[in-house]
Amino acid sequence: MAWAAAPPELKIDWTKMPTYNTIMAVAAGVGLILVVVLGQRLLRGEHAEHYEGWALAFGVLGVILVTTGLHMTLTWPLAGQGFPFDNIIFGEPSLAFGLLLLAAAWYLWRRGGELSGAPDRITLVSRLAAPLSLFVFAMGLACFGIAAAGWTYTLFAAPPQEPISGAFADYPLLEATFISGLYVLVGVGAVVFPFALRAKGGPTVKIVGVCWGLAGLAFMLFGALNYFTHIGLIVNTM
C-alpha cells in the first residue's frame, strides 16, 4: 500500500493529543438520521408505539456526545500538537447536539405515552420544541461560522501520512470543502427548523429533513471510515 510507511519527519506525541472525534462523528450522524426518521413518522401520523426505544437511542447517543463534547470543550485535548481550533469545531457542536438528544430522550421516556395519545401530536411537538428552537437556530449560525472558517483557512486537510484521506493532501481545499459542506447542511436545517415547527409541514420541513438526513448519513459513514484512517495515521506517526 502507498501509505504503509510514514515519512520520518512527521512524528506526533499522541499522549498529548487524545483523539475521539471518530465516535463523535458516528454518534452525531446517527442522531441526525434518527431525528429525521422520528419526525417523518410523526408527520405521517404513524404510531411509534415504543417511544421508550427512541428514548434509549437518543439517550445513548446523547451521553456519548455530551461526555466527549464536554471534555473537548473544557480541556482542549487537540491543542497539544497544534490543533486548538478543532476543539471548537468538533467539541462544542457535539456538546450542544448531545444535550438536545438527552432532553428528547428524557421526554420520550417519561412522557412518551402522553405524546402517543395526543389528538394532535404535531401541534404538541411544535409547542414543546419551540423554546429550544432558538438555540437550534443559533447553533445553525455557528455551523455557518465553522464552515466559513474551514474554507477560509483550509482546515480539515489530512496529512499525507493518513491512509485514504492523505492521498488528497496536495489538495487541501477538497477536504475542507467536504467537511465545511456538511456543516452548511446541518446549519441550513437548524436555521430553518424554527420555521418548520411553525409550518408543521410543507417545504420548510422537507428542507430540514433533506439537510439533516444527508449530513447525518455523511457524518456516520465518514466517522466509520475514520476508524481506519485515524488508526493508520497513529501507526504512521507515533
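The values are calculated or read from the model by the stated rules, or taken from the named source; none is laboratory data. None of the values given here were measured: they were computed from a predicted structure. Here Cβ is always computed from backbone atoms with ideal geometry, including for glycine, and neighbour counts include all displayed protein chains.
Residues that are in a helix (DSSP H, G or I) and free of Cβ contacts under 8 Å to residues at least 24 places away in the same chain within region 20-56 comprise VAL37, LEU38, ARG41, GLY53, listed in sequence order.
ASP170 meets each of the listed conditions (1) within 24 Å of ILE23 (Cβ to Cβ); (2) over 21 Å from the mean Cα position of the chain (by Cα) apart from (1).
In region 172-195, the residue that is nearest to LEU134 (Cα to Cα) out of those that are among the aromatic types (Phe, Trp, Tyr) and touching a residue at least 12 places away in the same chain (Cβ under 8 Å) is PHE193.
Restricting region 19-33 to residues that are buried (at least 18 other Cβ atoms within 10 Å of the Cβ) and of a type outside the set (Val, Ile, Thr), the residue that is modelled with the lowest pLDDT is ASN21. When the residues of region 185-203 are filtered to those that are within 27 Å of ALA149 (Cα to Cα) and out of contact with any Cys (no Cβ under 7 Å at 6 or more places or on another chain), the one that is surrounded by the fewest Cβ atoms within 10 Å (Cβ to Cβ) is PHE195. Between LEU182, LEU221, LEU225, the distinction of being buried (at least 17 other Cβ atoms within 10 Å of the Cβ) and closer than 21 Å to TYR20 by Cβ belongs to LEU182 only. THR123 meets all of the listed conditions (1) farther than 25 Å from GLY201 by Cα; (2) modelled with pLDDT under 90 but one, namely (1). Applying a threshold of 6 Å to beta carbon distances and a minimum spacing of six or more residues, or different chains, the list of pairs starting in region 83-96 at a residue that is buried (at least 23 other Cβ atoms within 10 Å of the Cβ) and ending at one that is hydroxyl-bearing (Ser, Thr, Tyr) reads GLY91/THR73. Each residue in region 147-161 was checked for being within 22 Å of the chain's Cα centre (by Cα) and part of a loop (DSSP other than H, G, I, E, B), and 6 pass.
For the criterion of being out of contact with any strand residue (DSSP E or B) (no Cβ under 7 Å at 6 or more places or on another chain), farther than 15 Å from GLY29 by Cβ and not acidic (Asp, Glu), ALA196 passes.
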